[in-house]
Amino acid sequence: MLLVTIYSFSFKRGVPVDQSGNGGGYVFDCRGTHNPGKYDEYKSLTGLDEPVIHFLEKDGEILTFLESVYALVDHHVARFIERDFEHLQVSFGCTGGQHRSVYCAEQLSKHLQEKYDVRIHLVHRERGIEKQL
């Protein structure tokens, strides 16, 4: 069964290394989307918190970004399953690895769980959170 490892991270600390040995995968840059971290009321929150989620989804920019991500990743996941590949890594980076990248990693995880029979390893590197789904 395909394992999809999904990271959120801060570009300040570098792109996560693919531990599978494949040395590949996607790295998406979330810094082009509106940053809740610029506003005091969101600074102590993360992309897991409802006020940040609402902020990100309100103008729809992050949703449009994710539609493009889903199209690319879905193609690879379907082909990797078809070809019996074992691993795909997808990483989302932003300035601090706290708001946008965390939100996007969570959303991709939910999307893939609903659409495919895959295992998910979700890592919010800067938050110190790991989940096996």
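Points to keep in mind about this one:
- Subset tally (residues that are among the small types (Gly, Ala, Ser), more than 13 Å from Gly93 (Cβ to Cβ) and not in a helix (DSSP H, G or I)) for region 11-46: 5
- Restricting region 74-98 to residues that are assigned to a helix (DSSP H, G or I) and free of Cβ contacts under 8 Å to residues at least 60 places away in the same chain, the residue that is surrounded by the most Cβ atoms within 10 Å (Cβ to Cβ) is His76.
- Leu122 surrounded by 18 or more Cβ atoms within 10 Å (Cβ to Cβ), more than 22 Å from Phe11 (Cβ to Cβ), touching a residue at least 60 places away in the same chain (Cβ under 8 Å) and within 13 Å of the chain's Cα centre (by Cα): no
Quick note: the coordinates plus some simple rules give every number you see, no bench work behind them. Since the model is a prediction, treat every value here as computed from it, not as a measurement. We place every Cβ from the backbone using ideal geometry, glycine too, and count neighbours over all the protein chains shown.
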